[in-house]
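Colleague: Dropping the structure in here first, questions after.
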Amino acid sequence: MTVFKLGIDRLTVGQLNRILNKDMPLVIDEAAVSKVQKSKSQVDEIVNAEKVVYGINTGFGPLCTTIISPSDTQLLQENILRSHSVGVGEAVPVEVARAMMITKLHALCQGYSGISLEVLERILWLFDHDYTPFVPIQGSVGASGDLAPLAHLFLPLIGLGKLNNGQDYVDTAEICQKEGLKPLKLEAKEGLALINGTQFIVAYASMGVSRMHNLLEAADIIGAMSLEGILGSEAPFDPDLHSLRPFSGAQHVAHRLKKLLEHSEMVASHEDCGRVQDPYSIRCMPQVHGASRHAWLHLVEMLETELNAVTDNPVILSTEKTISGGNFHGQLLALPLDYATLAAAELGNISDRRSYLLIEGNAGLPRLLMTHTGINSGFMIPQYTSAALVSENKSLCFPASADSIPTSLGQEDHVSMGSISGRKLNQVLDNLENILAVELVSAAQAFDYRKPMKSGPILDACHELVREAIDHAEEDRVFAHDITKAAELIKKGRLVTCADATAKKENIDFKGPHYELYRLH
């Protein structure tokens, strides 16, 4: 099994997922140990020489001019974890806290933070033994690092806070007693090194990138199924058209749609129908889905730089050169996160329009997608849910990064709010999963009315997958159950996996020329 060398290898979102899934072990190898020990010795030299350096022998934030005596250095570092643990709200998802642990370890192992190997080994031990710290979801302004979340994340190092043992959160003291662990004594710079950084933002961004990639893939499949339902045209996906406006995202989506509809009897059945063009939500899928792909790609590019960055402050370059800078500032991720949030919301916006088209009763479909309506409302009300979620997403699209509130008595007078950007992206993705689920249920119902005609092999396989979980409806039932089942097919990646596996089995070139650009590495 391939291992990931902390502080040495380059981390990608795909690798982070494999580490979280226990498919790629973490190691601190000799090269990283050497860098960490060198940086720690440089901090020790600074302390012994009584050279004034921020956070090593001074207070924090507006207290940066307060000199701390050598005898109080240890207390200073432990106090920063206590005083900054001010988060509120529910716990972040376990996978987010664990991603924070991984990315913080990777940054610290690069050897610019003056932290001891013992501290890093304790964090790695907790991760390897599936002990995950309790981290409240609110409290970070996304600058000077994600201070409150990171302080909570590392309280267990000094015997405080809570740890999830796989079932529930328990006091760290209980785990320490069970495992025979003693709380660590933090030394100069170590507390500050632990809480300065963008790992809360990075963890939410990484989760968002993975989820959004799955939903981008699913949206193409579901949109193509809707097109079949209303007997739409494949002409707008012609590569010659897209060569005249060669945006890679639009070309990638157009290629996928073309392959999804290839050899479809449904498409062939209305070649001479006389209908000139389809509504935008069908015809413009390459442009709209493609634009969202571009936003996703921009976030990935920014995120993978941040995943491998040193976001500490001050940075220890040598005994003589320590720099108090702004590598902790979250603006570089806050802006693309807000952009991606808008892009995700737009996937839902256009999906809802397609759901509406499906129930209108055009192109030979029964109105409300049910033969006998009146006593039955058919698929009228699922679209209400879709509309409600789309509207909610619009309210979540206000960019968190547009705001800044001064903190730390004006020392931190511009902050990114990137932590809120990361959380909001994932809220929008929660809603998008259900919006696409409504379209999937509706598209599958419309698809049924086109039988016995066949679609292409990929869409036929995806339709069969849906029908294994959800029956065709000819009378009203509790459609919430159908939406939940469809959302699970989407969330768990089963729809996308089905499409990819069928394409491979049928030797269909589903990837296209821009596949490498838009896959999750």
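The values are calculated or read from the model by the stated rules, or taken from the named source; none is laboratory data. What you see is a predicted model, and the numbers here were worked out from it, not measured in a lab. All Cβ positions, glycine included, derive from the backbone under ideal geometry; neighbour counts span all protein chains shown.
Colleague: What are the residues in segment 161-171 that are surrounded by fewer than 19 Cβ atoms within 10 Å (Cβ to Cβ) and not polar (S, T, N, Q), if any?
Modeller: Gly166, Asp168, Tyr169, Val170, Asp171
Colleague: Quick one: which of Val438, Val478, Val466 is under 22 Å from Lys258 (Cα atoms) and among the aliphatic types (A, V, I, L, M)? Please lay out each step first, then the result.
Modeller: Details: Val438 fails: under 22 Å from Lys258 (Cα atoms); Val478 fails: under 22 Å from Lys258 (Cα atoms).
Matching residue, one of Val438, Val478, Val466: Val466.
Colleague: Out of contact with any Cys (no Cβ under 6 Å at 6 or more places or on another chain), closer than 30 Å to Lys35 by Cβ and not hydroxyl-bearing (Ser, Thr, Tyr): is that true of Pro366 in this structure? Let's see the steps before the verdict.
Modeller: Working: out of contact with any Cys (no Cβ under 6 Å at 6 or more places or on another chain): yes; closer than 30 Å to Lys35 by Cβ: no; not hydroxyl-bearing (Ser, Thr, Tyr): yes.
Considered against the rule, which asks whether it is out of contact with any Cys (no Cβ under 6 Å at 6 or more places or on another chain), closer than 30 Å to Lys35 by Cβ and not hydroxyl-bearing (Ser, Thr, Tyr), Pro366 comes out as no.
Colleague: Say we look at segment 388-405 and pick out the residues that are part of a loop (DSSP other than H, G, I, E, B) and either more than 30 Å from the chain's Cα centre (by Cα) or modelled with pLDDT of 95 or more (or both); which of these is nearest to Gly142 (Cα to Cα)?
Modeller: Step one: of segment 388-405, the residues part of a loop (DSSP other than H, G, I, E, B) are 396-399, 403-405.
If we keep only those that are either more than 30 Å from the chain's Cα centre (by Cα) or modelled with pLDDT of 95 or more (or both) too, we end up with 396-399.
Numbers: Leu396: 18, Cys397: 18, Phe398: 17, Pro399: 14 Å.
Top of the filtered list is Pro399.
Colleague: Now, a different point. With (1) surrounded by 14 or more Cβ atoms within 10 Å (Cβ to Cβ); (2) over 17 Å from Glu433 (Cβ atoms); (3) not aromatic (Phe, Trp, Tyr) as the list, and Ile470 as the residue in question, which single condition is left unmet?
Modeller: Single failed check for Ile470: (2).
Colleague: Six or more apart or on different chains, Cβ atoms under 6 Å: show the pairs whose first residue is in segment 291-319 and within 19 Å of Gln37 (Cα to Cα) and whose second is in a loop (DSSP other than H, G, I, E, B) and among the hydrophobic types (A, V, I, L, M, F, W, C).
Modeller: Listed by first residue and then by second, the contacts come to Thr311/Phe328; Asn313/Phe328.
Listed here are the residues, each with its yes/no results for (1) surrounded by fewer than 24 Cβ atoms within 10 Å (Cβ to Cβ); (2) of a type in the set (Phe, Trp, Tyr); (3) in the same structural domain as Leu16 (by TED's automatic domain parsing).
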residue	(1), (2), (3)
Ser210	yes, no, no
Asn214	yes, no, no
Ile222	no, no, no
Ser226	no, no, no
Pro239	yes, no, no
Phe247	yes, yes, no
Val253	no, no, no
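Colleague: Look through segment 406-416, keep the residues that are touching a Gly at 6+ places or on another chain (Cβ under 9 Å) and part of a loop (DSSP other than H, G, I, E, B), and return whichever of them is surrounded by the fewest Cβ atoms within 10 Å (Cβ to Cβ). Steps first, answer last, please.
Modeller: Of segment 406-416, the ones touching a Gly at 6+ places or on another chain (Cβ under 9 Å) are 407-409, 411-412, 415-416.
When the remaining residues are screened for being part of a loop (DSSP other than H, G, I, E, B), the result is 411, 415-416.
Values: Gln411: 13, Val415: 23, Ser416: 26.
Checked segment 406-416; the qualifying residue surrounded by the fewest Cβ atoms within 10 Å (Cβ to Cβ) is Gln411.
Colleague: Would you check which residues across segment 153-178 are in contact (Cβ under 8 Å) with a residue 60 or more places away in the chain and not polar (S, T, N, Q) and list them? Give the steps one after another, and end with the answer.
Modeller: Looking only at segment 153-178, we keep the residues that are in contact (Cβ under 8 Å) with a residue 60 or more places away in the chain, and these are 154-155, 157-158, 160-161, 164, 169.
Phe154, Leu155, Leu157, Ile158, Leu160, Gly161, Tyr169 - these are the residues of segment 153-178 that are in contact (Cβ under 8 Å) with a residue 60 or more places away in the chain and not polar (S, T, N, Q).
Colleague: Looking at Glu179, Glu174, Glu190, which one is outside the structural domain of Arg275 (by TED's automatic domain parsing), buried (at least 24 other Cβ atoms within 10 Å of the Cβ) and over 27 Å from Leu342 (Cα atoms)? Reasoning before the result, please.
Modeller: On the way: Glu179 fails: buried (at least 24 other Cβ atoms within 10 Å of the Cβ); Glu174 fails: buried (at least 24 other Cβ atoms within 10 Å of the Cβ).
Sole residue among the options that is outside the structural domain of Arg275 (by TED's automatic domain parsing), buried (at least 24 other Cβ atoms within 10 Å of the Cβ) and over 27 Å from Leu342 (Cα atoms): Glu190.
Colleague: For segment 125-143, give me each residue that is among the charged types (D, E, K, R) and free of Cβ contacts under 8 Å to residues at least 40 places away in the same chain. Outline the logic, then answer.
Modeller: Filtering segment 125-143 down to residues among the charged types (D, E, K, R) leaves 128, 130.
Matches in segment 125-143: Asp130 only.
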